[in-house]
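The values are calculated or read from the model by the stated rules, or taken from the named source; none is laboratory data. Remember, predicted model here, so these are calculated numbers, not experimental data. Here Cβ is always computed from backbone atoms with ideal geometry, including for glycine, and neighbour counts include all displayed protein chains.
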Ligand SMILES: [Zn+2]
């Protein structure tokens, strides 16, 4: 799966974008064109994270089409208010898909509060129970709700988790790392006055992943534009520099961590 970088002319490292949203309507017109050219741009693997049942199904349909694209299924905290009695059954169905490698993204978002907090917490717990039941790794979305999320996660210590787009400080990172979990970083590390870069420099080699969260969070040179997996190199460059590592070496450790976390061989 992992090709030596030298095979690709002009490509200096091979990347795994562990969190994207190609099911988003902003990719409606050119998703295929983009994905068809991704390997040539040095992106060897992509996981599309699900946000609700319909969008998770779209993620898995994209995974069906491309060998190097995988999917996850879950209900984002923003959308938990719309969950109903059928959702768990539909979700479990999607999670059986052969290219579904994780449950997510799920969690708590107290920044936007698009769904009531008690509903977010209830549905977070319900989905964590599904992950435990099916023995799946989990993609966590947590914003301004670290304490509340950890309170719930303390009942799920045995699960394999990644905190996607980690936006807390070093103290919170230590708490996550102490539990054996991973942290993933986006283009935010390239923004002026961000603190995520310090955390990304601190995380041990075997616990860090990188992602675009495309179409969101384009790295600095493209900030405000639509993001896609080709731009993950800017995020990788910033973190490699902060860690004092070669870009190719950093790309390799994040590739290995991603393969191990999602169970892709
Ligand atoms: Zn996301």
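The table below lists the values:
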read-out	value
Criterion (in contact with a helix residue (DSSP H, G or I) (Cβ under 6 Å, 6 or more places away or on another chain), modelled with pLDDT under 95, within 21 Å of residue 213 (Cβ to Cβ) and within 16 Å of the ligand (Cβ to nearest atom)) met by exactly one of 114, 70	114
Residues that are touching a helix residue (DSSP H, G or I) at 6+ places or on another chain (Cβ under 8 Å) and either closer than 16 Å to residue 47 by Cα or buried (at least 20 other Cβ atoms within 10 Å of the Cβ) (or both), drawn from the stretch 73-85	73, 74, 75, 77, 80, 83
Residue, nearest to the ligand (Cβ to nearest atom), within the stretch 207-232, restricted to residues that are farther than 12 Å from residue 185 by Cα and touching a strand residue (DSSP E or B) at 6+ places or on another chain (Cβ under 7 Å)	214
Filter result (in contact (Cβ under 8 Å) with a residue 60 or more places away in the chain and within 16 Å of the ligand (Cβ to nearest atom)) within the stretch 42-67	46, 47, 49
Unique residue being within 16 Å of residue 131 (Cα to Cα) and either more than 17 Å from the chain's Cα centre (by Cα) or at pLDDT 95 or above (or both) when the list is 89, 58, 26	89
Which listed residue, of 163, 156, is touching a strand residue (DSSP E or B) at 6+ places or on another chain (Cβ under 9 Å), crowded, with 16+ Cβ neighbours inside 10 Å and within 25 Å of residue 57 (Cα to Cα)	163
Positions within the stretch 87-107 being within 20 Å of residue 141 (Cα to Cα) and either without any contact (Cβ under 8 Å) to a residue 24 or more places away in the chain or surrounded by fewer than 18 Cβ atoms within 10 Å (Cβ to Cβ) (or both), in sequence order	88, 92
Selection within the stretch 13-37 - within 16 Å of the ligand (Cβ to nearest atom) and under 20 Å from residue 261 (Cα atoms)	16, 17, 18, 19, 20, 21
Where residue 200 falls short, out of the listed (1) surrounded by fewer than 23 Cβ atoms within 10 Å (Cβ to Cβ); (2) more than 26 Å from residue 24 (Cα to Cα); (3) touching a helix residue (DSSP H, G or I) at 6+ places or on another chain (Cβ under 9 Å)	(1)
